[in-house]
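First comes the structure, then the notes that go with it.
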Amino acid sequence: MSAALTHGRSIKRCALFALVLLLPVIACRDVTRIHGTALVVTVDAKSFDVDQLRYSGFDADAAVFGPSERPEVAQGPLPSVSLVRVLLPDSLDGVTLDVVVQGLHEGAVVAEGRGRVLVVKGVEKPVAVDLSTGGCDGCTGCCANGNTCVTPGPASCGANGTTCTLCDALTTNECGADGRCACGLGPPCTLAIGADNCNPGTGQCQCGSGPACEPGVECLQRACQCTAASCAGCCMGGRCLSGDTPQACGTSGRACLDCGGTSCTGGTCASSTCNSSNCPSGCCAGSQCLPGRDTLSCGSGGMGCLSCGAGACDGGACVNSCDPSTCPSGCCQNGVCLSGTDASACGTGGLACSQCSTTCTNQACDIVCNAATCANGCCQSGVCRGGNLDTACGTGGGSCESCGLGSCRQKACVAAACTAATCPTGCCDGTGTCQPGTSASACGAGGGSCALCPSGSCADGGCVATVCDATTCPTGCCANGTCLAGTTTSACGSGGGGCVGCGSGTCDGGACGASPCSSTTCPEGCCESGVCQTRSADACGPAGQTCIACDRLKADTCRASGACGCGNGSACGTGLHCVANVCVCDQVTCAGCCTGAGACQAGTTKAACGSDAGTCVNCGGALQCVGGACQ
């Protein structure tokens, strides 16, 4: 069988599949149009700066689909949450697949994640994947089976500890130094670059047995063809021309026409030599009238002849020429594959073109971001975000909020703990709130504990007394007759003694301590208020960096990398609850319904209806999902 990738060119593999890119998340996902066995993979890139996602699927060690990159050509940073649809053959019914997603930045792997799902015939199953910096620590090759570092090669390609991937023997011939499958010194040979195979001897991309196709021409059935899907101008001699001259006038990939000395405007002759009057039953190419019944020159009524690509010509019309396998990067309209980038014909994956009421972006109709279209996230610059980032936090379709020094917990900003980093000019009171530190009742600086000044006066973060000694300054230190808090590295002390400077060290309890907490002094832990802490779910972070408290609903441990995790895996995704080292879908975190694969859904759609973490159901017939129940 052959593979068909939507939103890209096809790659020949041993299983039928198609990847349809749905970016951003709000882009026109109509579940009523989903047919057949499929996966919908939701990828949370978190704060990683990625411009491409690489998808692969495995049944045990056997590759089922991929590796395939979306978009095929990087066009800038991707949204924090992305979706793709993977069409699968019905023969995979009952098979448990491992879905691996790698995040790329300028071609290099910077993060990866995986999810597991049971394939059900005729059902579209959701898969949630969170990207992280996992893999084999310290490995310069690729990571096999989650813990084995392997030397890269075509059968196990990767770099810097990322998951090993199997290179496609048809489109590649080696694993590059950057850990990516390649054909010679270039990228894999895909239809996007006019090729369908890699010559293993020369390391050059080919279409069939010849060279790769030039721009405006696509590789179909092992030969370069000029078609409506590949050429915006007109076709002549197997090449795509601009179509704006009297000698070669045309548009939409039809055969160029001879204007017979008249003008060519917008790809249309004022009066072409061959036309509907002298060629009523055939089609025109140049000044010739052809029968219009050939696959490479199909048409009638004196129109420019059209190449049917992988289809056939029946009575002057192309038939069976537009479907997901022949039009992976465009949409179908009247049997013709169009680019899918225009508002009047928008779409991808070989599906029927849609007419957008607004505009068409990334081959999807744009819609307004609001509470109806972004119920589980927040809106930022008109785009629906996941709502779980510190820089874009929120839910219910409201405006995303930046949490500043705080953090985003369950899609709501939580104020940061009071420390020297968050309260550098004030002091922390008994409730952990940062105070200005200038009053006698709450006097202090540098994020230290606020002091009550017996003298009733506070200046420069320290209590001021007429005489500074152990009696008038029992908890601080004296500098030039002034009682200071004694908690800063420039003025450290207690018991009314003289303040001292701690240099590069710390001031802890009125006494100078060792050098500040850093990756050198704290290689196996994280830093909290300048003190090295042993990693735990309540104090988690990379070596020498600031500790954070893991969200105990989504994580119960701190991994060796300094990232919060649930058991041996990453922190639980949206709507999931970490229970006994396993991410589960329950009433604690999922207000919607739970799928058979354990994913949390909103519970408001006809295909997945439910509430209070009950099992999602499909509302059949005329029933609709109202308030989490089929009615």
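The values are calculated or read from the model by the stated rules, or taken from the named source; none is laboratory data. Note that the coordinates shown come from a computational prediction; the quantities given were computed from them, not determined experimentally. FYI the Cβ positions are ideal-geometry reconstructions off the backbone, even for glycines, and counts take in every protein chain you see. Areas reflect the complete protein model, heavy atoms only, side chains present, ligands, DNA and RNA absent. Shrake-Rupley method; radii C 1.70, N 1.55, O 1.52, S 1.80 Å.
Does ASP366 qualify as being charged (D, E, K, R) and within 30 Å of SER329 (Cα to Cα)? Answer is yes for this residue.
Selection over segment 595-631 of residues that are in a strand (DSSP E or B), surrounded by 14 or more Cβ atoms within 10 Å (Cβ to Cβ) and hydrophobic (A, V, I, L, M, F, W, C) gives a count of 6. Taken over segment 379-389, the criterion of being assigned to a loop (DSSP other than H, G, I, E, B) and without any contact (Cβ under 8 Å) to a residue 40 or more places away in the chain is satisfied by SER381, GLY382, GLY387. Any chance segment 214-227 includes a residue that's over 23 Å from PRO71 (Cβ atoms), crowded, with 24+ Cβ neighbours inside 10 Å and modelled with pLDDT of 85 or more? The answer is yes, given that some residue of segment 214-227 is over 23 Å from PRO71 (Cβ atoms), crowded, with 24+ Cβ neighbours inside 10 Å and modelled with pLDDT of 85 or more. Which residues, counting only those in segment 414-429, are open to solvent by less than 50 Å² (accessible area, probe 1.4 Å) and part of a strand (DSSP E or B)? Correct list: CYS427, CYS428. Per the listing THR273, THR295, THR326, THR262, the residue uniquely in contact with a strand residue (DSSP E or B) (Cβ under 7 Å, 6 or more places away or on another chain), over 18 Å from CYS226 (Cα atoms), surrounded by 14 or more Cβ atoms within 10 Å (Cβ to Cβ) and hydroxyl-bearing (Ser, Thr, Tyr) is THR262.
Would you be able to tell me the number of residues in segment 391-412 that are assigned to a loop (DSSP other than H, G, I, E, B) and buried (at least 18 other Cβ atoms within 10 Å of the Cβ)? Matching residues across segment 391-412 total 6.
Name the single residue that is surrounded by the most Cβ atoms within 10 Å (Cβ to Cβ) among those in segment 469-503 being β-branched (Val, Ile, Thr) and part of a strand (DSSP E or B). Within segment 469-503, the match that is surrounded by the most Cβ atoms within 10 Å (Cβ to Cβ) is THR487.
Residues in segment 231-242 that are in a loop (DSSP other than H, G, I, E, B) and either under 18 Å from CYS308 (Cα atoms) or at pLDDT 95 or above (or both): CYS231, ALA232, GLY233, GLY237, GLY238.
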